[in-house]
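The structure appears right after this line, and notes come after that.
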């Protein structure tokens, strides 16, 4: 019986700006083989490997994967992206956030691949690779060589523990690895092939090539030359496969990093606090009469609005060492939507709106205003959370640009002023006349509905359009 | 018991002391008459906050002095011990600074009817000091421990300390609503009785005991952390070779 | 309004901060002591030893 194809590319065309990097490339990776991808610098090795991971838009062709027995499109030139399960990926840069610990990173990669936690096996592997004493250290505290070990492990361990044949894509894995880890890597590559997994390794390293069953050389004109060879290297004994289990790991990852290093909460909270204090100072000169309710409503909502439009920390976390690309490859089609939801300001809007209200509306105002305000203020906090999802999607769009740091992305956020004004109008109505459920223009519920719809529309545009 | 172990005793004693101060401060210490020679107080009982608020403020100045010492010594000697003081100073600065900038606005909103005064340099510079300390704590944890990062962070520590004299002198240089420098100024103008002053000094004394205990323990923690890190580096080398 | 409620809240925050910090300090000292003891005995495995 011939070996099953685990990953294939047909007629792949990938452009980088005006330059065609891959022209009509056909490639396949079968179960139980280690394939070395060779070629001179600039021939497109990394682009091919990353395209197979679904990271690059294609001008032509498609990439298919046999995922748990089903033929699934990883990506094609039509913009289609299938729902694929996690696999093994080690990019040329680490693709990890420095705030993760070693154990968290490798365990996280296993969870993304749909595996149940197997702490015993993981601890054993981490110790074997000389990282036992670093298991609970943040990755940013490790030397370059140790970080590379973690990056390689987070690609090969999830596949090694997978009972179904899976795929590992490694881009220059031995670069930066010390001699003893290289030896371990070669043993692992052979062992993965023995278990029926398919491994593609882009490399210049002659030692790594000795572990391959086949080499594919890519020329500068994207012609592939395949050569079968025999590897006599010894394989390592891999641990037993783990059971399958579904995890929502991106959510856990975001929350874990924020708890450890709360740059999102602080980054949003500080400008909101300054806005709150300024709003309070401004409000002291405003008479608490009904003709000024629109101004007071705007001042009450401004600090929470600011928490929503500030650049979310997830943008910085995804940009670090191409961590975002690793997650994009793992989460496939749904990545952008999930990133925008993970970039939302969840904690701050509710308390900030209530604090603004208590600070800005003084005792006399509280007596004069309609008591419905207190009852319905939470609704505005939830609208701000919605607005924050759209803001985060807009930030993600900007972050796709090659030099995102050189762009004044905040200008794009000004589009969110429109739903903000609708919210102000709704709050003004409630302050003056109380809550009304009448669906007519100018009534609070209609203003809230318009604000909500605008936000949803903006979010959908920012998430869906760039993927097509 | 050696000096480093005395940190435990001083911390427990100091904690018991400030719990004692809290009970006395809230229940038995002299409060204020609603109106005294200096004027009327809007919320005389909130004045009790001062018995912890002021010692907290002084301790945060001490923390920043330690941070300054650590930063300066790091620059001059590049010694591991200086870095230990730098780390302890920034941690303690956050704890005592947060205590001051949260209790201050609570007192202010009761007394002045508003939590913050933008015209008050002392409030603003105190918030800035605490923000600098918080920045140092989070940055230290999130960055690789390299000499370049230590140099940058200790430069920020020196900058933080430059804010201290501005903060301390702020109420004298700028005409503000914040109470004058307590004790140093005449108690009469604030209606502070000698009993209040004595109680405040007792509170500060106990807070100093706690502060010393925490400093000794914090230094112990960072010395241990340095040992652990050095042992891990040895193991890294052994694993590579 | 006498402000006594505010006084209680402020005291709770300040006491909470120093108690939390002391507890954190004591816990991390004991964790580090254990870790140091463990690391002193540990020998890393390398590929050559396999």
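Relative to the dominant Cα principal axis of chain A, helix A:263-283 is inclined by about 10°.
Taking the 0 to 90 degree range and rounding to the nearest ten, how far is the long axis of helix A:119-128 tilted relative to the main principal axis of chain A, both from C-alpha atoms? Approximately 60 degrees, to the nearest 10. Each of A:34, B:156 was scored by other Cβ atoms within 10 Å of its Cβ. Listed from fewest to most, they are B:156, A:34.
From the largest down, the protein assembly as shown spans 100, 78, 42 angstrom on the principal axes of its Cα atoms.
Using alpha carbons only, the radius of gyration of the range A:134-196 set against its Kirkwood radius gives Rg/Rh = 0.99. Annotation for the range A:172-198 versus the range A:297-356: alpha-carbon center distance of 38 Å. Other protein chain C-beta atoms within 10 Å of residue C-beta, averaged over B:223-232: 5. Mean per-residue shielding of peptide B:44-56 is 5, counting Cβ atoms of other chains within 10 Å of each Cβ.
Calculated mean residue ellipticity, 222 nm, the protein assembly as shown: -19500 deg cm²/dmol, from DSSP H runs (n ≥ 4) at -39500 (n - 2.57) each, averaged per residue and rounded to 500. Helix A:444-464 axis versus longest C-alpha principal axis of chain A: approximately 20°, rounded to the nearest ten. Sorting B:216, A:384 by the number of Cβ atoms found within 10 Å of their own Cβ, with the fewest placed first, yields B:216, A:384. Kirkwood Rh over Cα pairs of the range A:249-467 into Stokes-Einstein at 10 °C, 1.306 mPa s: D in µm²/s? In µm²/s, the coefficient rounds to 88.
Altogether, the Stokes-Einstein calculation at 10 °C and 1.306 mPa s, with the Kirkwood radius of the range A:5-228 over Cα pairs as Rh, returns a diffusion coefficient of 90 µm²/s. Put in order of Cβ neighbour count within 10 Å, fewest first, the listed residues B:204, C:38 become C:38, B:204.
The range A:419-468 and the range A:221-280 have Cα centres lying 34 Å from one another. For the peptides A:19-28, A:101-110, B:88-97, the ranking by packing is B:88-97, A:101-110, A:19-28, with the highest mean count of neighbouring Cβ atoms within 10 Å listed first.
Relative contact order, whole percent, for the range A:5-228 stands at 28, derived from Cα pairs under 8 Å and 6 or more residues apart.
Sequence-distant contacts, meaning Cα pairs under 8 Å at least 6 residues apart, place the relative contact order of chain A at 15 percent. Take each residue of peptide A:123-130, count the partner chain Cβ atoms within 10 Å of its Cβ, and average: the result is 3.
Read-outs throughout are calculated quantities, based only on the coordinates presented, and are distinct from any laboratory measurement. None of these values were measured; they are calculated from a predicted model. Neighbour counts run over all protein chains shown; Cβ positions are idealised from the backbone, glycine included.
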